[in-house]
Amino acid sequence: MMLKLINSSSEAGCLKVRLKMKILMVFDFDHTVVDENCDIWVIKCLPTQTLPDSVESTYRRGQWTEYMGRVMAYIGDQGVAPDRVRSIMETIPFTPGMPELLTFVSENKSTVDCIIVSDANTMFIEWVLQGVGLREAVDQVYSNPASISESGCMELRPHHSHQCAKCPVNMCKKKVLETYLSEKADGGEVYGRVLYVGDGGNDLCPALCLSERDAVMPRKGYTLDKMLTRLRDEEGNGSISAKVIPWSSGTEILQELRDSLQSQ
């Protein structure tokens with residue numbers, strides 16, 4: 001079948017180079033790109049920097065996005081303008097080494113694609129990246145859509161619906177990643193390697209769909225790292241196909257990315 005698709009050794013060589021050139025970086029956002037949780041950080045825009053129990057008590061397990069919608073409605077009701085929210089989000093600290101890593105990615109777009117898959121929201125992520133001039137490093141942000149209503153409040157919507165019992169109702173990161181890779185393949189782009197970087201429990205599902213040439217990179221000491229260790233102890237090294245490479249700073253991820261590019 002391949003012989004029918006490739007008419008010459010020259011074309012085969014070009015295809016081989018193209019397949020090996022591109023690497024896909026996939027990042028979670030909270031406690032990965034940034035060193036805090038955006039949804040917690042935003043509370044700093046309130047005069048008291050705290051939420052009343054009447055809001056906090058409405059959270060239900062697995063329904064964080066709906067809860068954050070109520071939080072943002074409360075913030076708007078207190079007269080906090082979107083510009084104030086944005087200015088607070090722009091002060092969130094980045095994880096050590098991440099600005100340098102994203103700068104490298106932005107300077108190597110011919111060989112590295114980069115997406116963010118996060119259960120935060122699109123507006124927070126855009127504001128934070130734009131605030132430090134790193135938005136161009138990221139090709140696509142997949143998160144819960146956010147917008148400013150006519151009344152000046154931020155409104156949130158679930159990213160999508162899915163049938164995965166392991167993930168929050170508003171987002172299955174595995175579905176996001178598989179859809180992205182499928183759409184890229186349909187357009188003729190097949191990645192030589194995927195590096196998935198995350199920290200949380202909802203990063204396990206997409207990690208399980210990676211191949212043996214890929215790598216899942218859990219932040220050391222965080223939930224994903226502990227879950228992968230437990231999975232290995234209970235089911236052995238064959239429980240996940242991808243190479244597991246824990247990290248503590250963006251510098252270690254950057255080195256892995258450099259090594260991956262050199263080995264292509």
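The values are calculated or read from the model by the stated rules, or taken from the named source; none is laboratory data. Computed from a prediction, not measured in an experiment: that's the story for all the values here. Positions of Cβ are backbone-derived with ideal geometry, glycine not excepted, and every protein chain shown enters the neighbour counts. In case anyone asks, the SASA skips ligands and DNA or RNA and just uses the protein heavy atoms, side chains included. Shrake-Rupley method; radii C 1.70, N 1.55, O 1.52, S 1.80 Å.
Give me the residue from segment 74-101 that is out of contact with any strand residue (DSSP E or B) (no Cβ under 8 Å at 6 or more places or on another chain) and among the small types (Gly, Ala, Ser) and, out of that set, farthest from His162 (Cα to Cα).
Only one residue tops the list, namely Gly79.
Which one of the conditions (1) at pLDDT 95 or above; (2) in a strand (DSSP E or B); (3) surrounded by 19 or more Cβ atoms within 10 Å (Cβ to Cβ) does Ile115 fail to meet, given that it meets all the rest?
Here Ile115 clears every test but (3).
What are the residues in segment 56-86 that are more than 20 Å from Asn144 (Cα to Cα) and open to solvent by less than 80 Å² (accessible area, probe 1.4 Å), if any?
If the condition is that a residue be more than 20 Å from Asn144 (Cα to Cα) and open to solvent by less than 80 Å² (accessible area, probe 1.4 Å), then Ser57, Gly79, Val80, Ala81 are the ones that fit.
What's the number of the condition Val141 fails, among (1) outside any helix (DSSP H, G or I); (2) hydrophobic (A, V, I, L, M, F, W, C); (3) farther than 26 Å from Tyr191 by Cα?
(3)
Of the residues Glu183, Glu155, only one is outside any loop (DSSP other than H, G, I, E, B) and surrounded by fewer than 15 Cβ atoms within 10 Å (Cβ to Cβ); which?
Of the residues listed, the single one that is outside any loop (DSSP other than H, G, I, E, B) and surrounded by fewer than 15 Cβ atoms within 10 Å (Cβ to Cβ) is Glu183.
Give segment 147-167 a look and list any residue that's under 20 Å from the mean Cα position of the chain (by Cα) and hydroxyl-bearing (Ser, Thr, Tyr), or say none.
Scanning segment 147-167 gives Ser147, Ser161.
Among the residues of segment 251-264, how many are open to solvent by 50 Å² or more (accessible area, probe 1.4 Å) and in a helix (DSSP H, G or I)?
So the count comes out to 7.
For segment 87-104, which residues satisfy the criterion of being in a helix (DSSP H, G or I), open to solvent by less than 60 Å² (accessible area, probe 1.4 Å) and farther than 18 Å from Ile43 by Cβ?
Of everything in segment 87-104, those that are in a helix (DSSP H, G or I), open to solvent by less than 60 Å² (accessible area, probe 1.4 Å) and farther than 18 Å from Ile43 by Cβ turn out to be Met98, Pro99, Leu101, Leu102, Thr103, Phe104.
Mind listing whichever residues of segment 227-250 are within 19 Å of the chain's Cα centre (by Cα), surrounded by fewer than 17 Cβ atoms within 10 Å (Cβ to Cβ) and either in a helix (DSSP H, G or I) or of a type in the set (D, E, K, R) (or both)?
Listed by number, the residues that qualify are Met227, Lys243.
For the structure I just gave you, tell me whether Tyr191 is over 26 Å from Val80 (Cα atoms), in contact with a helix residue (DSSP H, G or I) (Cβ under 8 Å, 6 or more places away or on another chain), of a type in the set (Ser, Thr, Tyr) and assigned to a strand (DSSP E or B).
No.
Among the residues of segment 118-152 satisfying the criterion of being open to solvent by 40 Å² or more (accessible area, probe 1.4 Å) and hydrophobic (A, V, I, L, M, F, W, C), which is nearest to Pro93 (Cα to Cα)?
Going through the qualifying residues, I end up with Val132.
Under 9 Å between Cβ atoms, at least 6 apart or on separate chains: pull out the pairs that start in segment 204-233 with a residue that is within 18 Å of Thr32 (Cβ to Cβ) and end on any residue that is of a type in the set (Asp, Glu) and open to solvent by 50 Å² or more (accessible area, probe 1.4 Å).
Pro206/Glu178; Met217/Glu252
Can you work out which of the residues in segment 215-259 that are farther than 13 Å from Asp199 by Cα and among the acidic types (Asp, Glu) is modelled with the lowest pLDDT?
Glu235
Is it the case, given these coordinates, that Leu257 is over 30 Å from Thr65 (Cα atoms) and touching a residue at least 60 places away in the same chain (Cβ under 8 Å)?
Taking the combined requirement at face value, the residue satisfies it.
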